[in-house]
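Here the structure is laid out as structure tokens; the discussion comes afterwards.
The values are calculated or read from the model by the stated rules, or taken from the named source; none is laboratory data. Quantities reported herein were computed from a predicted structural model and do not represent experimental measurements. All Cβ positions, glycine included, derive from the backbone under ideal geometry; neighbour counts span all protein chains shown.
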Amino acid sequence: MRNETKVVAITGASSGIGEATARRLAADGHRLFLGARRTDRLDALRREIEEAGGTAAFQRLDVTDAADVRAFVAAAHDLYGRLDVLVNNAGVMPLSPLDALKVGEWDRMIDVNVRGVLHGIAAALPVMRAQGGGHFVNVASVGAYEVSPTAAVYCATKYAVRAMSEGLRQESDGSVRVTLVSPGVTESELAEGISDPAAREAMKAYRAVALPASAIAAAIAYAVAQPAEVDVNEIVVRPTASAQ
Ligand SMILES: NC(=O)c1ccc[n+]([C@@H]2O[C@H](COP(=O)([O-])OP(=O)(O)OC[C@H]3O[C@@H](n4cnc5c(N)ncnc54)[C@H](OP(=O)(O)O)[C@@H]3O)[C@@H](O)[C@H]2O)c1
């Protein structure tokens, strides 16, 4: 039996977990609105979803720009008449030791991983309040629970996503659901942004046991599928073969 059809907007839908989540939620019958900077990828995904009988549209999105995120959410709302779920998934992970002093990369992680999620909340919360409910799915990481070398700033951003999600949940008026989904190592393009040679090399061994992105999509689909009175707050998904 199909879930109740929902309108779901996904940030960072052009690759990895966001792309897999779009495929999975479309197959579950939900109507999708996809955002990222690489619109050629989004258009190809939209076409694939529509050819499979699903419903999807897209808009170019840079989550570091609050006005852009507002316009993205407004476009989803204009198109479908409501917004039931916002998946705040866009993220970057240029790992390096702190003493490499890659201040620009620290700023970028804060801008995308922290400000991007806040921009999503600022854009979608008024829409959800006005329509009487909604659901934020914020993608954090196992790095939201423990810190490791080269990942201090990345983990800080994911601890922040966890804190913001819990705060949002506590402030909910009983109609807005909040789910934090924290993947362990998962197949995607995330590690391609690592410029530090040692961190890049270490990541190769770590990623040898990566989960398929569809495993994280399945966790998101589970949370989305629950009835309105059930708020799945946190899901951590690791490869069975990974200690971290
Ligand atoms: N893969 C893992 O092992 C893993 C583990 C834990 C947590 N995560 C988290 O999972 C989420 C998804 O990452 P992924 O693993 O699927 O990596 P990915 O394949 O690199 O995907 C990242 C997505 O974020 C988008 N993005 C980056 N900067 C953006 C910006 N400024 N505005 C809008 N979109 C932006 C990218 O699209 P464009 O470049 O086209 O904009 C892309 O669609 C991230 O939050 C990541 O931290 C991943």
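Let's see how each residue does on (1) surrounded by fewer than 16 Cβ atoms within 10 Å (Cβ to Cβ); (2) over 14 Å from the mean Cα position of the chain (by Cα); (3) free of Cβ contacts under 8 Å to residues at least 60 places away in the same chain:
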position: LEU190; (1), (2), (3): no, no, no
position: ILE194; (1), (2), (3): no, yes, no
position: ALA205; (1), (2), (3): yes, yes, yes
position: LEU211; (1), (2), (3): no, yes, yes
position: TYR222; (1), (2), (3): yes, yes, yes
position: GLN226; (1), (2), (3): yes, yes, yes
position: VAL232; (1), (2), (3): no, yes, yes
position: ARG238; (1), (2), (3): no, yes, no
position: GLN244; (1), (2), (3): yes, yes, no
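Would you check if PHE58 is more than 13 Å from the ligand (Cβ to nearest atom) and under 19 Å from VAL117 (Cα atoms)? So PHE58 does not fit the description; no. The set of residues from region 92-120 being among the hydrophobic types (A, V, I, L, M, F, W, C) and farther than 15 Å from LEU61 by Cα comprises MET93, LEU95, LEU98, ALA100, LEU101, VAL103, TRP106, MET109, ILE110, VAL114.
Condition check: at pLDDT 95 or above, surrounded by 18 or more Cβ atoms within 10 Å (Cβ to Cβ) and closer than 18 Å to ALA152 by Cβ. Does VAL112 satisfy that?
Values: at pLDDT 95 or above: yes; surrounded by 18 or more Cβ atoms within 10 Å (Cβ to Cβ): yes; closer than 18 Å to ALA152 by Cβ: yes.
So VAL112 passes the test.
PHE136 meets all of the listed conditions (1) more than 12 Å from the ligand (Cβ to nearest atom); (2) over 16 Å from the mean Cα position of the chain (by Cα) but one, namely (2).
Tallying residues that are within 13 Å of the ligand (Cβ to nearest atom) and free of Cβ contacts under 8 Å to residues at least 40 places away in the same chain within region 72-107 yields 1. Got at least one residue in region 18-26 being of a type in the set (Val, Ile, Thr), under 28 Å from GLN131 (Cα atoms) and near the ligand (Cβ under 8 Å from one of its atoms)? No. Cβ-Cβ contacts under 8 Å between residues 6 or more apart (or on different chains), taken from a first residue in region 112-137 that is of a type in the set (Lys, Arg) to a second residue that is at pLDDT 95 or above, are listed as ARG115/VAL63; ARG115/THR64; ARG115/ALA66; ARG129/VAL176.
Go through the residues of region 220-234 one by one and say whether even a single one is closer than 21 Å to ALA144 by Cβ, within 14 Å of the ligand (Cβ to nearest atom), modelled with pLDDT of 95 or more and not in a helix (DSSP H, G or I). Yes, region 220-234 has at least one match. Among the residues of this structure, ARG177 does not count as one that is buried (at least 16 other Cβ atoms within 10 Å of the Cβ), more than 16 Å from the chain's Cα centre (by Cα) and touching a residue at least 40 places away in the same chain (Cβ under 8 Å). For beta carbons closer than 6 Å, sequence separation of 6+ or different chains, a first residue in region 147-161 that is within 14 Å of ARG108 (Cβ to Cβ) and more than 10 Å from the ligand (Cβ to nearest atom) and a second that is among the aromatic types (Phe, Trp, Tyr) and part of a helix (DSSP H, G or I), the qualifying pairs are VAL153/TRP106.
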